[in-house]
Amino acid sequence: MARTTRFVLLFLLVSAFLSTFAAAQSPAQPQSQAVAPAAAPANSAAASQPFDIDAAVEAYLAKMPPARRALSNAYFEGGYWLQLWDFLSSAFVMWLLLRFRWSARMRNLAARVTRFRPLQTALYWVQFIVVTSVLTFPLTVYESYFREHKYDLLNQTFGPWLQDQLVMLLVLAVLGAILIIPLFGIVRRLGKSWWVWGAVVMILFFAFVSLISPVYLAPLFNKYNKLEDARIKDPILSMARANGIPATDVYEFDASRQSNRVSANVSGFGNTQRISLNDNLLKRCTLPEIETTMGHEMGHYVLNHKYKGLVMIGVVIVIGFAFLNWGIAFALARWGAGWDVRGMTDVAVLPLAVIVFSLYFFVMTPVINTITRSMEFEADMYGLNAARQPDGEANVDMLLGEYRKLDPSPVEEFVFFDHPSGRTRITAAMRWKAEHPETSSAEEMARPLFDAK
Ligand SMILES: [Zn+2]
């Protein structure tokens, strides 16, 4: 099913929380340096050894051959349009469900099977999710199978890919039921003020999904193991201790099952929070690059980004529910009878709710991206200060450029980027390096990252 639909049905936000803070990153934060004699040495270093930040940034950007850069740009820019097509295709499918009263029929069928309201809601949901997944499947298969292969970003053959999709559908069916049963319960009991409590339920739901995801959800798609290699594990755990993180384990997972993308993430909530790095990172990166990435992930952890993100996204959700309340009432007054939807408390209203909610989130894309992008940049700065590997950082930023446009315009970055662009990140790393010349690494600078194809 198309990505926007998933978003609205919460799975995307679920996966956002699963891997929100995914994609490898890094750099340094001001605190650890705060007590050190900052200004004077930095200035004197700069004076004795002029370092051209802009030239250093360009040198890193030039590591990617032009043909490869063009491919990465085409992939990422195509993604902008896909967001629009996803939204439109999802809205169209929802409109079909209303216009031809399929939604009303699914509700009637559920009501014939049981009189127990929560079970009716669940039965409706299962029909809904299957029908919409089938109808949006052509776009899904283009977007996440053929297109990914076209850009050489997917390793899976069709069978395993389809199997992952089916598992996702199953997860969505279960989690969605867990969300919408209480939501409709609230609508029926609380009447007009339902949307306030509805938003609260949704925020709690995100926290819940985030809590269970590393233990119950992520392992459905990848194998997670404790990282054993002492040459990597020891420096990472040492850095964790230096940053006050009580970790005894780091996890690695077989992302290469799906792609060659380099990434790492902090997943979980409360007690289940953990840092995981993927096998592509382990295979393709040097120790300084792995360290800077881990420093970034530790930044997410130490800076409590999970909780801050939940609060900020929570505000977006509350406003979204107010809009949802208004939008549903507006549309039902005009077309409700024709659709055979009997009001806000009728589960058959769901396709309409999806249209209104996805419209809202579509418009809010720059806001949501800015929330995550700001935290990602904070984590970058934290990682620089923690790992002190600005050149390793710049190399990782370049590797991420395989699937994220390296050098967008500022407006483009503001609207579409949920992580800072390669140029932004490398500039921050080189600015940091200019004031910490002792951390410069000739090996990292010289390391070729891409075969010239
Ligand atoms: Zn991150």
Is it fair to say residue 337 is open to solvent by 10 Å² or more (accessible area, probe 1.4 Å), assigned to a helix (DSSP H, G or I), at negative phi and without any contact (Cβ under 8 Å) to a residue 24 or more places away in the chain? yes
Does any residue of the stretch 174-197 turn out to be under 22 Å from the mean Cα position of the chain (by Cα) and farther than 23 Å from residue 124 by Cβ? no
Does residue 342 qualify as being away from the ligand (no atom under 13 Å from the Cβ), surrounded by fewer than 17 Cβ atoms within 10 Å (Cβ to Cβ) and basic (Lys, Arg)? yes
Of (1) touching a strand residue (DSSP E or B) at 6+ places or on another chain (Cβ under 9 Å); (2) more than 16 Å from the ligand (Cβ to nearest atom); (3) modelled with pLDDT under 90, residue 266 fails just (2)
Scan the stretch 196-239 residue by residue and report those that are among the polar types (S, T, N, Q) and over 30 Å from residue 323 (Cβ atoms). 222, 225, 238
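When the stretch 198-212 is examined, which residues are found to be under 22 Å from the mean Cα position of the chain (by Cα) and open to solvent by less than 50 Å² (accessible area, probe 1.4 Å)?
In the first step, residues of the stretch 198-212 are kept if they are under 22 Å from the mean Cα position of the chain (by Cα); the result is 199-212.
Those that are under 22 Å from the mean Cα position of the chain (by Cα) and open to solvent by less than 50 Å² (accessible area, probe 1.4 Å): 199, 201, 202, 203, 205, 206, 207, 209, 210, 212.
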Residue hits (the stretch 410-445; open to solvent by 20 Å² or more (accessible area, probe 1.4 Å), β-branched (Val, Ile, Thr) and within 16 Å of the ligand (Cβ to nearest atom)) are 424
Looking for something assigned to a helix (DSSP H, G or I), touching a residue at least 60 places away in the same chain (Cβ under 8 Å), open to solvent by 40 Å² or more (accessible area, probe 1.4 Å) and in contact with a helix residue (DSSP H, G or I) (Cβ under 6 Å, 6 or more places away or on another chain) - is there at least one such residue anywhere in the stretch 159-166? no
Only one of (1) part of a helix (DSSP H, G or I); (2) more than 14 Å from the ligand (Cβ to nearest atom) is not met by residue 309, so which one is it? (2)
Residue 319 vs. criteria within 16 Å of the ligand (Cβ to nearest atom) and among the β-branched types (Val, Ile, Thr): no
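So, residue 354, is that one assigned to a helix (DSSP H, G or I), away from the ligand (no atom under 16 Å from the Cβ) and surrounded by fewer than 17 Cβ atoms within 10 Å (Cβ to Cβ) or not?
No: the conditions fail for residue 354.
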Being within 14 Å of the ligand (Cβ to nearest atom) and open to solvent by less than 20 Å² (accessible area, probe 1.4 Å) is the filter here, so list the residues in the stretch 373-398 that pass it. 375, 376, 379, 380, 382, 383, 384, 387, 393, 396, 397
Only residues that are surrounded by 24 or more Cβ atoms within 10 Å (Cβ to Cβ) and of a type in the set (Gly, Ala, Ser): list them for the stretch 286-310, please. 295, 299
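The values are calculated or read from the model by the stated rules, or taken from the named source; none is laboratory data. Predicted model, so just to flag it, every value in this text is computed and none were measured. Cβ sites come from the backbone with ideal geometry, for glycine too, and all protein chains shown count toward neighbours. The accessibility values were calculated without ligands, DNA or RNA, using every heavy atom of the protein model including side chains. Shrake-Rupley method; radii C 1.70, N 1.55, O 1.52, S 1.80 Å.
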